[in-house]
Structures are given as C-alpha cells and as structure tokens.
1. List the residue pairs whose Cβ atoms are under 8 Å apart, where the first residue sits in segment 458-469 and is over 15 Å from Leu409 (Cβ atoms) and without any contact (Cβ under 8 Å) to a residue 40 or more places away in the chain, the second is open to solvent by 20 Å² or more (accessible area, probe 1.4 Å) and among the aromatic types (Phe, Trp, Tyr), and the two are 6 or more positions apart or on different chains.
2. For segment 282-299, name all the residues that are open to solvent by 20 Å² or more (accessible area, probe 1.4 Å), modelled with pLDDT of 85 or more and not aromatic (Phe, Trp, Tyr).
3. Residues in segment 343-366 that are open to solvent by 40 Å² or more (accessible area, probe 1.4 Å) and modelled with pLDDT under 90: how many?
4. Which of the numbered conditions does Ile410 fail, given that it passes all the others? Conditions: (1) open to solvent by less than 40 Å² (accessible area, probe 1.4 Å); (2) in contact (Cβ under 8 Å) with a residue 60 or more places away in the chain; (3) over 20 Å from Ala485 (Cβ atoms).
5. Which condition number does Arg39 fail, the rest of (1) closer than 30 Å to Glu408 by Cβ; (2) open to solvent by 30 Å² or more (accessible area, probe 1.4 Å); (3) at pLDDT below 95; (4) basic (Lys, Arg) being met?
6. Could you check Gly515 against (1) part of a helix (DSSP H, G or I); (2) at pLDDT below 95 and say which number it fails?
7. All but one of (1) open to solvent by less than 70 Å² (accessible area, probe 1.4 Å); (2) touching a residue at least 24 places away in the same chain (Cβ under 8 Å) hold for Gly371; state the number of the condition that does not hold.
Amino acid sequence: MSANPQWDVSRALGVAKLFHLVCGVRDACVTPFLTLYLRQLGLAAPWVGILMGTKHLVAAFWAPFCAFLAKSRQKRRALLAGSLLGSAVASLLVVLVPPLDTELVYRSCNGSGSMTTTVVPLGVTLTVNVTAAQEPASNHLAGAPSLPARRSLGVLQASGFRNGPGESDQETSSDLHGYLVGSVEGVRTTSQGLLHPVTSGVKGNPWEVTFEVVNTTLPLLPGGTALASLANSSVAKGKAQVLGLSLEGLRWTFILCLGSMVFWELLTAPLKQVADDSLYEYLDFVDATDRYGSLWIWRLLGMSAGACGIAALVGRLDCFLMTSTPRGVVHFYGYSLVSILALLVSIAFPVPICRQREHSDKSVKALSLIGSNPRLVVLAFTVFLLGAVTSTVQNFLFWHMNDHGSSELIMAFSVALSLLGEILLHPFKTTLLRKLSRVGTVGLGLGCLAGQLLYYSFLWSWWSVLPVQVLSAVSYGALWWAVGASIEALATPGTERPLSAMFQGHFYGSGSSLGSFVAGFVAMRFSLAVLYQACCMALLLWLALFLSIQPRLPQERKINYSKLLAMEASDSSDSEQGTERDWLVKAMREEHADWKG
C-alpha cells in the first residue's frame, strides 16, 4: 500500500522541525537586538518604547485575524510564502531610515578613543575625561574648533536616560576633542541644560575638562517650541536654531521608524500562528497530536544558534561598515537572507487540505469561558502582568548591558543561556508540575522573575548578567508550562487552542505593549535600575495577592466530565460494548472517594 504523501507523518514532522529551526534563526537575527539598533539611530527610550509597544499591539490583534482569514479562504500556504517574502523585503526598509546624526561614529575600529559622559543634576560641575592613544595633547589645546551642537544631540538621544556612575558610551575622540575642550561655542545641549566649560587645558591632564550644568529647560520632544531664557541672547538664538533642526530630524526619524516597523510587523506577525495551526490540524487529522508538543525545542535551538551567530558576524564586519551606518544593519541583512531560506522550506511545509468545516465561534466561547471562570480571570491578569514586565527586559536589558561595556556577543550568550536552560529543564516538566502543582509553579516562576529583575538593577560588569540567566528556565519556561496546564484543565472541549492563543496573543501581547509604552518614559525619567526595581516590586505584590486569593476561588473540579464525554463519543466506535465505560466509572469512583476523604 503506497503512502499518500499528504499524510506522511514522518516527513511532515521532519519538515516542521527544519522550518522551526530556520525560523528560530531568523527571529534571533533581529528580535533581541532591535531596540539596540533603534538606540544606534539616535532614538531615546520613550520613542523606542512607543515603537515596541505599537509593534506588540499590532502582533496581538493582527495575527489572529490573518490566521482566521487564511483558514477560511484556504490560503494558508500562500500566506506563509507571502509573509516570509514580504517580511524579508520589509525589514530592509528599516535599514533605509537615516540615523539622527549621520556624522556620528558609533564605534572606533582601532579602539583609539573613548569618552565617559554623565548627565548630572543642575548646578553641579561635570568632569569629562577624554583619552587618546596616538594623538598628542598639543593638537587639541584650548581654542580648538568645536563641533556643531547638533552632533552632540545624537549622543544624548542614543542613551535616552540618565547614565549611572560607571556607565559609559564609546565614541570616536578624533572629532570630539576640540568640541569638549576650551570652546564656549562647543557647548553641549542636554535635557537638563547646557554644559559650559569652567576649566580646560589643565597642565597635569590636558584632556580633563570641567563643565557646569546651566538650566535651560530645553524640550527634547518633537513639536516643542518653548525655550528658556539664557544669559547670552545671541547664544540662545543660535542654540534655538540648532535645536529646531535637531527636533525636526528626530521627528522624521521616529515617523519613518514607526511606519516601516508597523508595515514589517503586519507582514511577519501571522507567520507563527498560521504555521502552528496548520501543523496541529495536520497531525490531528492523523491522530498524531502527541508529537506536536516537542517541536518548540527546535525553534529555541535555532534562536540560540542564530543569536550567537549573528552577533559574531556583526563583530567581524564592524570595521568594514561605513562610519555613517549603524553597525546593526547586519542583523537585518541576515534576517532577510534566512527568510529566503525559510521560504524554500515552507514549500514542503505540511498544510492540510481536506479538513471538515468547524464552527467559527470558538474564540467567542473561549472569551465567555474566561469571563465565567474566576481562575481564568486571575490567570489572564497574571499573563498580562507577565507580558508587561517581560517587555522591559526584552526592550532595555541590552541597553543596560551596553552601558556596562557588554558586547553584542555577550548579549547573545545571555539569550542562549536562557533558552538552553529552558530546554534542559523540559524533561522535568511533569515532575515539577506534579510536585509543586500548577499554582505553585506559577508562584515559583513569578518569584524567580522578580529575583532576576532585582539582579538586573545591580549589574556591575559586562559579564555580570550571565549567571542569573539560568533562572529564565523557571521564570519563563516553567511558568508558561503551568499556564498551559491550567488552560488545558479549565478549558471546555474545543476551546483549548483558542484559549491558549488568546492568552499568548491578546493578553500577553497587550501586556507587552503597555509595558513598552510605560517603561520608556520611566527609564528616561529615572533610570533602568529604578525601572527593574519597580517591576520587581510589582511582581512581588502580585505574587502575594495571587497566592492569597487561591483558597478563596471556587473549587476546581478534578475531572472535567464534558471532556470525558467528548472523548467517549469520539472513541465509541473503537471500544468494546462491555468495557467502553469502565474508565468513566473508575474516574467517578476516584473522585467520590476524594470527596468522602
């Protein structure tokens, strides 16, 4: 008997594993490093938060809509191919967005210069140390020509928030020495005020310059027109013109980034859900859904390899890039190339053709089930808060590591450690859920995530983030396993996958969107350390409330009779007449014994 290739399960699973692996590499090329690239463009933390929040919001609601249309129109394969090809092209549109300061060199290939900058409160003197390995001090004495103030704005806006003690940004010193030393015209505009040179050209250290912060309350947001009075009206006029040009550039950079990222997300968001639904229905048709649960491991392996590989490639190609081009463009080129490879694999991806028509109101049933079940309501809020808190890590942890001197390769290692830890913990999933229960596992995951956030707020070196990343196996992996097990236990027949999609898409995505919007402004107003400490406190408060309200919730049934009856109806044709109800009777007796006990 010749096997129908449409239902060749082994071949379908092999193609699906390869597809998940390639898509993992594809996502890891850009996703972890996207906010770092936006920082290189010169955007501050609030603008990056708005961009990422919009991205999460589009994905949360656009992906389910496209998945429904593709299924109802029988266009899943076309959508897979169109999403991969379109996202490969759309990602290159982000590369076309010009940096806010095209003349700023983001890193020196020979490592000859470095500068340490600190934004301090008003009325406090600031000392800036500039070191040069090859140029003598006599080349940059007081009175050297200064750089325009516009060039300095790119440095501040690349940070977007106050740097703490010891945090630094690397720049090329050859163009900045004259700007920092002995020139009133080279005064630097910041969100706190103007830095006026107080002393310069000290004999013992000619590269040490002291500035005094003078309050000007200059707006850093697009559209601002208010300009505080300055001591020198002529200087104020010149600074206002420069500031207006800078705000105009910031406005256009932000608008172009927003448009290109929304277009890119519209094309790439439906891919994962459409592929997962297609594969699950394919395996469900041949009664092989038990082999669906382990495919996510291949995606995590691909993400681990992709993050490390692209980071190593960026390090190799750094010195070959043009000085006016952010080094992060390599991530987008790699993303496009791997997308084309995934497009070739998608040609053989299993997509079911002959499928019975199903009711389209399962999402409505899932939503009504959440509203009628207090345990699902509490779980939904937990997932929403998890998305809000996790987005702060995904968006700004690499900024925090970059401020402490971490390279992109170290950042990639931190991603790989968290993903590999989740894979290694997976064999103990059943034991963990049985020993701790679902509620206990959720509590353990929230506690570990709170500990990670507190640890992030006290980073002290470029490598210090690596040890704590192993906790991600519990704070993300085990936590989501418990959420999935709770959804499976509380769902009614036919609503398991709609419920799971709603939790992972709508609730988690909406939380990520809101967290991104808020985190950017908190990071700029205070600091990343304060942001992570606040998130830690929010998680601990919710953890205490979550555990305290569990005994007050309605008792959960140990046996879902509606599921058992549905299973009985589907298996009745294969059961013998005298034994087909034995499992139901046994289950009822066990539950009755528990009630008596």
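1. Val468/Tyr455
2. Scanning segment 282-299 gives Asp284, Ile297, Arg299.
3. Selection size over segment 343-366: 13.
4. (2)
5. Just one mismatch for Arg39, condition (2).
6. For Gly515, the failing item is (2).
7. (2)
Each row is one residue, and each column tells you yes or no for (1) of a type in the set (Gly, Ala, Ser); (2) open to solvent by 30 Å² or more (accessible area, probe 1.4 Å).
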{"position": "Tyr455", "(1), (2)": "no, yes"}
{"position": "Leu459", "(1), (2)": "no, no"}
{"position": "Trp462", "(1), (2)": "no, yes"}
{"position": "Ser475", "(1), (2)": "yes, no"}
{"position": "Ala482", "(1), (2)": "yes, no"}
{"position": "Ile487", "(1), (2)": "no, no"}
{"position": "Pro493", "(1), (2)": "no, yes"}
{"position": "Met502", "(1), (2)": "no, no"}
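The values are calculated or read from the model by the stated rules, or taken from the named source; none is laboratory data. Note that the structure is a prediction, hence the values are computed from the model and not measured. Every residue, glycine as well, gets a Cβ built from its backbone with ideal geometry; the counts of neighbours run over all protein chains shown. For the accessible areas, the whole protein counts, side chains as well, though only heavy atoms, and no ligand, DNA or RNA atoms are used. Shrake-Rupley method; radii C 1.70, N 1.55, O 1.52, S 1.80 Å.
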